[in-house]
Number of protein chains: 2
Amino acid sequence: MAKGLLIVLSGPSGVGKGTVCNELRARMPKLVYSVSATTRHPRLGEENGVNYFFKSREQFMEMIEKDQLLEYAEYVGNYYGTPRDFVEETLESGRDIILEIEVQGALKVKEKFPEGVFVFLLPPSLDELKDRIQGRGTENQATIDHRMSVAADEMRLLEQYDYAVVNDEIDHACRRIEAIITAEHCKVRKPADI
Amino acid sequence: MAKGLLIVLSGPSGVGKGTVCNELRARMPKLVYSVSATTRHPRLGEENGVNYFFKSREQFMEMIEKDQLLEYAEYVGNYYGTPRDFVEETLESGRDIILEIEVQGALKVKEKFPEGVFVFLLPPSLDELKDRIQGRGTENQATIDHRMSVAADEMRLLEQYDYAVVNDEIDHACRRIEAIITAEHCKVRKPADI
């Protein structure tokens, strides 16, 4: 059986990765979602094991030591990581899995899974991104400024990705990502890829 | 302005390239169609300048000598070729152009346009392909046998293409090709590609 595709959906903080990812999961019920581990506190409505595996810092460090994370990164004071086994088992079973992940983490995944499909979600503009980061209303000004500076740096990493999708409207963005997944399944695998 | 995409739709004789290409043109009115030149006689309903530019052998040889063809090939006793200027002008204007072409011709185009998107249309099976070639009802048995042998050889060239699309149902095949075109427009252009 052919292995599944690893689809990595990334992009700067505030671009709408989570919203697009949730919409994709609703449209593509067979698409498996990789649940990340994190040390950050749950936001309103977030559930352990559904949105994230919420871990203490001590638990997270233990996962790192036992090599149970495909990648991990510190971001704005919290750790985020991808449990390795679940991703590998899903791919081996022939199902596609989507990882919603920040930019640094995605590039670490790329080192281990260069055959993954790396999609960078773009804001329509940097001004639009600032509005979205401010609109979340959960951060103070210093955090907002820091996020904007990080986002600008992250945009420069776009060229390490396979695809760029503008998140102008969620429906358009999802259609493009669905097309990318369909197209990747039609790709001819060259001997060098196998 | 970004250049358009050259989409090359190929596959063995009888696989349904023409039917799929016509359906794609109906669905994607902005997609420009590259009209080939040929020395073969028009089939019922085919119009000069719409389906092909029908040329005498002398006229075709003159186009070759004047380097007016992007590629040409002899196939079952007739010549087929792609007028060069129209393709290049369409791409420069930022529009996508589709070329429906037999397998040998497609690989010659690839030498000149490696950045093209090469799609190989597959029959659901070789038996199905035989049915389709016989079903056309315009050829004698020797021609059918020759076509089947050529088709089997052509299938081996699949790995030189970017995408493989099974023509199981025309709607499914067209959706996959539309997805490929959408995905290709989202591709991040690496410095090496430019």
Inter-site label distance for B:F53 and B:H146 at 7 Å from Cα along Cβ, in nm: 2.7 nm
For B:D145, label point 7 Å along C-beta direction: distances to other copies, nm: 8.4
Phi to ³J(HN,Hα) by Karplus 6.51 cos²θ - 1.76 cosθ + 1.60 over region B:94-101, Hz, x for Gly, Pro: x, 9, 7, 10, 10, 10, 9, 8
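Which whole-number value in Å³ per residue fits the convex hull of the alpha carbons of region B:48-144? Don't jump to the answer; show the numbers that get you there.
Details: hull volume 13.6 nm³, N = 97.
Taking the convex hull of the Cα positions in region B:48-144, it is 140 Å³ per residue.
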Label point 7 Å beyond Cα along the C-beta direction, distances from A:R40 to other copies (nm, shortest first): 6.0
Against the rule of thumb 2.2 N^0.38 Å, how large the Cα Rg of region B:89-139 comes out: 1.55
Ellipticity estimate at 222 nm from DSSP helix runs (n ≥ 4, -39,500 (n - 2.57)) divided over chain A, nearest 500: -13000 deg cm²/dmol
Paramagnetic label zone (point 7 Å from Cα along Cα-to-C-beta, A:E115; backbone N under 17 Å) in region A:145-162: none
For region A:122-169, the Rg and Dmax computed from alpha carbons only, in angstrom: 11.7, 34
Computed over region B:1-112, Cα set: Rg, Dmax in Å: 13.6, 42
Cut-off under 5 Å, modelled amide H: who pairs with B:Y33 long-range: B:I98
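Considering only DSSP beta bridges with both partners in the protein assembly as shown, what is the antiparallel share in %, to the nearest 5?
Numbers: 16 of 52 bridges.
Counting only bridges with both partners in the protein assembly as shown, antiparallel ones make up about 30 percent.
Rounded to the nearest 0.05, what FRET efficiency do A:L158 and B:Q160 give with R0 = 30 Å and r taken as the Cβ-Cβ distance? Could you check? It would help to have the intermediate numbers written out before the result.
On the way: r = 30 Å, r/R0 = 0.99.
After rounding, the FRET efficiency stands at 0.50.
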Ratio of the Cα radius of gyration of chain B to 2.2 N^0.38 Å, where N counts its residues: 1.01
Vicinal HN-Hα couplings computed from phi for region B:23-32 (Karplus, 6.51 cos²θ - 1.76 cosθ + 1.60; Hz; Gly/Pro x): 5, 4, 5, 5, 7, 10, x, 7, 6, 8
Inter-copy spacing of B:A26 label points, which lie 7 Å from Cα along Cα→Cβ, given in nm from shortest upward: 3.3
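Is there a simple number for the mean count of other chain Cβ atoms within 10 Å of the Cβ of residues in A:90-96, and what is it?
Details: counts 0, 0, 0, 0, 0, 0, 0.
Counting other chains' Cβ atoms within 10 Å and averaging over A:90-96 gives 0.
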Taking N as its residue count, the alpha carbon Rg of region B:2-56 over 2.2 N^0.38 Å: 1.24
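Going highest first, how would you order A:100-112, B:60-72 by mean Cβ packing within 10 Å? Spell out each step's value before the answer.
Details: A:100-112: 19.7, B:60-72: 15.8.
Averaged packing, sorted descending, gives the order A:100-112, B:60-72.
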Amide H within-cut-off set for B:Y79, under 5 Å, with H built and near neighbours excluded: B:T39, B:R40
Residues whose placed amide H lies under 5 Å from that of A:L122, excluding near-sequence neighbours: A:V165, A:V166, A:N167
Principal axis box of region B:144-194, alpha-carbon based, largest edge first, Å: 46, 29, 11
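Share of Cα-Cα pairs in the protein assembly as shown beyond 28 Å, in percent? List each step's numbers first, then the result.
Details: 40404 of 75078 pairs.
That fraction is 54 percent.
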FRET efficiency, 1/(1 + (r/R0)^6) with R0 30 Å, evaluated for A:H172 and B:R43 via beta carbons: 0.15
Phi-based couplings in Hz for region B:2-14 (Karplus 6.51, -1.76, 1.60; Gly and Pro marked x): 5, 5, x, 9, 8, 9, 10, 9, 9, x, x, 4, x
Region A:24-44 and region B:66-137: distance between their alpha carbon centers, rounded to Å: 44 Å
Projected label distance in nm at B:V76 and B:R25, using a 7 Å step from Cα toward the beta-carbon: 2.0 nm
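Each reported figure results from applying straightforward, stated rules to the coordinates on display, with no laboratory input. Nothing here was measured: the structure is a model prediction, and the numbers come from that model. FYI the Cβ positions are ideal-geometry reconstructions off the backbone, even for glycines, and counts take in every protein chain you see.
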